[in-house]
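Single-structure report; data block below.
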Amino acid sequence: MISELRLIVSPKWQTARARAREKRSYGKVLLLSFIGLIFWLGVFGVMYRVLRYFRGVEEIGPLLAGKLLGVALLAFLSLLLLSNVITALSAFFLAKDLDLLMASPVDWLYMYLSKLGETVLHSSWMVALMAVPIFAAYGVIYDGGVWFAPFTVIVFLPLLIIPGVVGSAVTMILVNVFPARRTRDLLSVIAIGAAGVLVMLFRVVRPEQLARPEGFTNLLDFITLLRTPTSPYLPSEWAQNSLMGFLVGPNDLMPLVLLWSTAAGFIVVGAFLHQALYPRGYTRAQEGAEKFVKGWIWTFFLDPVFKPLTVAKREFIIKDLKLFFRDPTQWSQLILLAVVVIIYLFNIRALPLFSGEQVPFAMVTVVSFLNLGLAGFVLASIAARFVFPSISLEGRQMWLLRSSPLDLRALIWSKYWIGTIPLLVLALSITVFTNILLQVTTFMMVVGIGTIILLTLAISAMALGFGALFPQFDTENAAQIPTSYGGLVFMMSTIALLAAVIVVEAVPVSNYLRARFQGMPIPVNVWMVGAFVAVAVICLTATVVPLIVGLRRMEQFEF
């Protein structure tokens, strides 16, 4: 069995090794390792301080640490489920190697296991890397010892397998239910189901009760809630019990047995579903896709909007819009966008800032100010999904654009604004809505709107520039482009930009808070003006330079 699986997986493994050898650059490796280490240290530092505080609280400290771990694992589980559903659609039905595999004498079980492994790998590696500093903080605070790391791997592995099997099974069933290749309807159902599951999971956890202990009649009720399993039938609860049992006791093997038996059982059920449904689903998936938008609709709605533009810019924009909505692996990522926005607004709404008690003005202002960094990170994630791959999605047809008399500046201009305008609308909506929820002052509202506009312009330009510097013209799946080396460099660079803006703007915001405490008017001095000018210069530089560098890189493309 191992040898057959190795034969199926080896072509992609050899291809990945060849690409790595072609693009090997020790400078890139060192840079990426350094940035990743800084990110790990930041997450580890935050978790370390929180867990050290929990450990100092007698009786309920381990219970709070367990609830925090359970919430983190549940968030990982929900993200993995959504990611696996979308990735399974590409791996099982849209990958380019499927024609060869289906025509070869490959056993159905080996093909299922290989595609399941591919789905789990592409969907889970980033979550696994994110979990490393969190588990490390738990091991250090609670003296896990040398055996905690291998035990964590044993516990976490089935937590990656289960959503992979579920996502593949859901995709398999829906492809068989819907006629032909109507992935639009398919992924619409996935979006509705994912939103419902997400809301259900977050309501099951009920995290607001832990943030508002005043709602309990006495301490005993609060401790009882902490001791009660949050979701006893979810794998995340079993993983939490296994890890906390290893760290603080009692060490019970039953949760670990439940994890692995559930993962094994799901794989068996998924294999039977694959055997029964995959041939028919694959055949239906090869039929012609439904035309998403009729030609007259494009003409009726878009011609008046883009009429003031030049012919080249107008045609580039319409082409990108058509390609985006024709490719299910691209527009299906709108599901993840909706989930991110829902979680973001839900978290802001759940903050206990206006629960009836008087909350200090400084707390509201600080939350509103730090919300800019969080909103910027959300925008960076969205830009990595939609703007960063735009150059790579031109594929090998880029040579036609390079050899034609079309101006590449019109191409990069159209790609920039077609990504920036939706991001700007989303950014302003999130910022204004959250500031209204937080009831901030006019000063903080103006600062928030101005800063988020500058950040959106810069983040979109950086996504397009890094996408031109690190193109992936030969990729089989557009969803894999943001997770490439260039995507990681873009995300780390964006985090550096957000950190710089927050640090610089902290000066005028702190002066504003100080003036409010002293009952004085807003101090419009050289420090405040200089800080805002510095933020504008930083963001405009981060906007112009990546676009220029990206344009020059596109002019050097060779095919």
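Assorted remarks:
- Count of the stretch 145-165 residues which are of a type outside the set (Phe, Trp, Tyr) and surrounded by 19 or more Cβ atoms within 10 Å (Cβ to Cβ): 10
- For the stretch 438-447, the set of residues classified as open to solvent by 50 Å² or more (accessible area, probe 1.4 Å) and either within 16 Å of residue 370 (Cβ to Cβ) or in contact (Cβ under 8 Å) with a residue 12 or more places away in the chain (or both) consists of 439 only.
- Only a single item in (1) aliphatic (A, V, I, L, M); (2) part of a helix (DSSP H, G or I); (3) at pLDDT below 80 is not met by residue 57, and it is number (2).
- In the stretch 453-474, residue nearest to residue 548 (Cα to Cα) [restricted to those that are buried (at least 24 other Cβ atoms within 10 Å of the Cβ) and among the β-branched types (Val, Ile, Thr)]: 459
- Options 425, 446: the member that is of a type in the set (A, V, I, L, M), under 23 Å from residue 306 (Cα atoms) and modelled with pLDDT of 85 or more: 425
- Of all residues in the stretch 497-511, those satisfying the criterion of being open to solvent by 30 Å² or more (accessible area, probe 1.4 Å) and within 13 Å of residue 455 (Cα to Cα) are 499, 500, 502.
- Qualifying residue in the stretch 416-428 (condition: in a loop (DSSP other than H, G, I, E, B) and not aliphatic (A, V, I, L, M)): no
- Check on residue 486, of a type in the set (Gly, Ala, Ser), at pLDDT below 85, open to solvent by less than 30 Å² (accessible area, probe 1.4 Å) and not in a loop (DSSP other than H, G, I, E, B): yes
- Selection status of residue 544, assigned to a helix (DSSP H, G or I), on the phi < 0 side of the Ramachandran plot and out of contact with any helix residue (DSSP H, G or I) (no Cβ under 8 Å at 6 or more places or on another chain): no
- Of all residues making up the stretch 217-237, the number that are at pLDDT 65 or above, closer than 14 Å to residue 68 by Cα and in a helix (DSSP H, G or I): 2
- Of all residues in the stretch 104-137, those being open to solvent by 30 Å² or more (accessible area, probe 1.4 Å), assigned to a helix (DSSP H, G or I) and among the hydroxyl-bearing types (Ser, Thr, Tyr) number 1.
- Qualifying residue in the stretch 250-265 (condition: buried (at least 21 other Cβ atoms within 10 Å of the Cβ), small (Gly, Ala, Ser) and not in a loop (DSSP other than H, G, I, E, B)): no
- Residue in the stretch 291-302 that is over 23 Å from residue 431 (Cβ atoms), part of a helix (DSSP H, G or I) and either modelled with pLDDT of 70 or more or of a type in the set (A, V, I, L, M) (or both) present: yes
- When 193, 144 are checked against the criterion of being modelled with pLDDT of 55 or more and assigned to a loop (DSSP other than H, G, I, E, B), a single residue qualifies: 144.
- Candidates 63, 82, 74, filtered to the one that is crowded, with 17+ Cβ neighbours inside 10 Å, assigned to a helix (DSSP H, G or I) and more than 20 Å from the chain's Cα centre (by Cα): 63
- Unique match (being touching an Asp or Glu at 6+ places or on another chain (Cβ under 9 Å), within 21 Å of residue 167 (Cα to Cα) and at pLDDT below 80) among 90, 83: 90
- Considering residues of the stretch 266-280 that are open to solvent by less than 40 Å² (accessible area, probe 1.4 Å) and at pLDDT 90 or above only, the residue farthest from the chain's Cα centre (by Cα): 271
- Restricting 69, 101 to those that are open to solvent by less than 40 Å² (accessible area, probe 1.4 Å) and within 30 Å of residue 8 (Cα to Cα) reduces the list to 101.
- Considering the stretch 512-535, and only residues there that are under 14 Å from residue 501 (Cα atoms) and open to solvent by less than 30 Å² (accessible area, probe 1.4 Å), the residue that is farthest from the chain's Cα centre (by Cα) turns out to be 528.
- For residue 515: the one exception among (1) touching a Leu at 6+ places or on another chain (Cβ under 9 Å); (2) modelled with pLDDT under 85; (3) among the aliphatic types (A, V, I, L, M): (1)
- The single condition among (1) surrounded by 22 or more Cβ atoms within 10 Å (Cβ to Cβ); (2) not in a helix (DSSP H, G or I); (3) not hydroxyl-bearing (Ser, Thr, Tyr) that residue 89 does not satisfy is (2).
The values are calculated or read from the model by the stated rules, or taken from the named source; none is laboratory data. The shown structure was predicted, so the numbers you read here are calculated from the model rather than taken from an experiment. For neighbour counting, all protein chains shown are included, and Cβ atoms are generated from backbone atoms with ideal geometry for every residue, glycine included. Each accessible area value is taken on the protein alone, full model and side chains, heavy atoms only, with ligands, DNA and RNA left out. Shrake-Rupley method; radii C 1.70, N 1.55, O 1.52, S 1.80 Å.
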